[in-house]
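One structure is given below, encoded as structure tokens.
Throughout, read-outs are computed from the coordinates displayed, never taken from laboratory work. Nothing here was measured: the structure is a model prediction, and the numbers come from that model. Positions of Cβ are backbone-derived with ideal geometry, glycine not excepted, and every protein chain shown enters the neighbour counts.
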Amino acid sequence: MIVAFVVSLATVGIDLSALTVFAGVVGVGIGFGMQNIASNFISGIILLFERPIKVGDRVIVNDILGYVEKINMRATIIRTIDNEHIIVPNSYFLEEHVVNRSYSDPNLRLRIPIGVAYGSDVEKVRDLLLQVAQEEAAAYENILSDPEPFVYFSGFGDSSLDFELFIWIANPDQLIITKSNINFRINNILKENNIEIPFPQRDLHIRSITGNDQN
């Protein structure tokens, strides 16, 4: 039947060489498509047996934090903390860098950057930030006191002395509200202690040019 079809095409004057090239291009396209499908299928089998990730794990994919909701043979479904669903090809988990925050410890470390004005008492800033962390840990179960929070003096910025407060939380689903509450508390306690949070600024120096300078 196929032979008869080819003969009939030649009879009506269709260039079979062009048809051969077209068929070859289609075949290559299908081959590449099947290669990706096969790669994702095999990766799915590896994920199911080796279990580098499993349903319920908290992972970071392309800087997006979410939970593994379902592992299919071709792709894995991730639910973000914004309740959005992302479909990720299984091969991605074996070929790219993926962070599994549930692999050994479900707790999440939260980093909160703070900048204060130059001239501030840096030891006092550290003590106030630790006070905020300890008070919030006593008030909310989601904020952990073990591991202990700590303050890192990260450097000298263009307009501020830069600090980072590190705390651990038990429920990453509350990450956004937890960070917001701590920021409110930090702002209030720094204001109460007359410690300024500066805004970015630039100093402009203008030099007058005299007639002699121009020459």
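If you put +1 on each Lys and Arg Cβ and -1 on each Asp and Glu Cβ, how big is the dipole of region 108-192 around its Cα centre, in Debye rounded to 20? Walk me through the numbers before you get to the answer.
Values: 7 positive and 13 negative charges, 36 e Å.
It works out to roughly 180 debye.
Rounded, prolate or oblate: pick one for region 98-172, where a ≥ b ≥ c are the square roots of the eigenvalues of its C-alpha gyration tensor, a/c under 1.5 means rounded, and failing that, prolate if a/b is larger than b/c, else oblate. Because a/c hits 1.5 or more and a/b fails to exceed b/c, region 98-172 counts as oblate. In plain terms, the chain from GLU69 to ILE45 could stretch by 7.0 nm, reckoned as 0.36 nm per residue minus the Cα-Cα distance.
Shown for SER159, SER91: other C-beta atoms within 10 Å of each C-beta, ranked fewest to most, produce the order SER159, SER91.
Projecting the Cα atoms of PHE153, TYR118, ALA139 onto the charge dipole of region 113-174, computed from C-beta unit charges around the Cα centre, puts TYR118 farthest toward the positive end. If the segment from LYS54 to ILE87 were pulled out straight at 0.36 nm per residue, it would be longer than the present Cα-Cα gap by 10.4 nm. If the segment from ILE177 to GLU123 were pulled out straight at 0.36 nm per residue, it would be longer than the present Cα-Cα gap by 16.7 nm.
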